[in-house]
Amino acid sequence: MTVQEPPAGLSAGSRYVAMGSSFAAGPGIGPRVPGSPRAAGRSSANYAHPVARRLGLDLDDVTFSGATTQDILTGTAAGRAAQIGAVTGSTKLVSLTGGGNDVGWAPRILLSSLPRPIRAIPSVRRQLDSFADPDATELRFRALRENLRQIAAQVRRRAPDATLVFVDYLTVLPPGPATPTGVLPPDVAEWGRGVARRLSEITRAAAAESVFVAVAEVSRWRRR
């Protein structure tokens, strides 16, 4: 789907719900959505907003930085509402970018780029060790597949006439070890590339009966 080619049946004024984590919320890329929680990092320049403006849609942006797919389905222990709750019978378009926090992708990359004294803090060290554990990673991917399946099923149940669009993650790492990654250790960069590929594959599979937008592919580093 592109903003020039909206899904069939989508007209100006249609209700659009944007869900997801930081790559959907867009922290730091523009002014915060007025009235939105500061912790959400919800930008008025994230991809949902120009799409809504271009197509004349009524946008309900419930993206939240740090969200997992479980948060999207059930909310958080701290009381944040489930994002899926925004989808109703009047919704005609739903977009989702999520899953990276479920498997520790962005968290491990970010934490591994911090100065060594911070990485040595016991709580940070435990997080990093957990993200690096291959068995724990497999369990997280298994849960992610099921959560994405449930999200798609919930959208179909709540909004039978809606088009669901899965948007995968931007490519943020160079394609191979020949390109330096600065403070990010090479082994973590290699891990990140592998996890990013799996995230894209799982997202594409979840979109089998929906729409898939391959942002990872169009944003991939190209040799000039």
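Only one entry in S21, S43 is touching a residue at least 60 places away in the same chain (Cβ under 8 Å), among the polar types (S, T, N, Q), surrounded by 12 or more Cβ atoms within 10 Å (Cβ to Cβ) and in contact with a strand residue (DSSP E or B) (Cβ under 9 Å, 6 or more places away or on another chain), namely S21. One residue alone among R193, R220 is touching a residue at least 12 places away in the same chain (Cβ under 8 Å), touching a Leu at 6+ places or on another chain (Cβ under 7 Å), basic (K, R) and within 18 Å of F23 (Cα to Cα), and that residue is R193. Touching a strand residue (DSSP E or B) at 6+ places or on another chain (Cβ under 9 Å) and among the acidic types (D, E), is that true of D168? Spelling it out, D168 is indeed touching a strand residue (DSSP E or B) at 6+ places or on another chain (Cβ under 9 Å) and among the acidic types (D, E). Report every pair of residues separated by at least 6 positions or lying on different chains whose Cβ atoms are under 7 Å apart, first residue within region 103-129 and free of Cβ contacts under 8 Å to residues at least 60 places away in the same chain, second in a loop (DSSP other than H, G, I, E, B) and surrounded by 14 or more Cβ atoms within 10 Å (Cβ to Cβ). Listed by first residue and then by second, the contacts come to P107/N101. Note on region 113-138: residues that are surrounded by 12 or more Cβ atoms within 10 Å (Cβ to Cβ) and either under 27 Å from V94 (Cα atoms) or not aliphatic (A, V, I, L, M) (or both) amount to 8. Does F64 meet the test of being crowded, with 19+ Cβ neighbours inside 10 Å, within 26 Å of F141 (Cα to Cα), touching a Lys or Arg at 6+ places or on another chain (Cβ under 9 Å) and of a type in the set (F, W, Y)? So F64 passes the test. Just the residues that are β-branched (V, I, T) and in a loop (DSSP other than H, G, I, E, B), please, taken from region 113-132. Answer for region 113-132, where residues must be β-branched (V, I, T) and in a loop (DSSP other than H, G, I, E, B): just I121. Entry remark, region 32-73: residues being among the basic types (K, R) and in contact with a Ser or Thr (Cβ under 7 Å, 6 or more places away or on another chain) number 2 in total. Mind checking whether some residue in region 179-196 is of a type in the set (K, R) and assigned to a helix (DSSP H, G or I)? Yes, region 179-196 contains at least one residue that is of a type in the set (K, R) and assigned to a helix (DSSP H, G or I).
Values quoted throughout were computed directly from the atomic coordinates according to the rules given, and no laboratory measurement underlies them. Here the structure is a predicted model, which means the values were calculated and not measured. Note: ideal-geometry Cβ built from the backbone for every residue, glycine included; neighbour counts use all protein chains shown.
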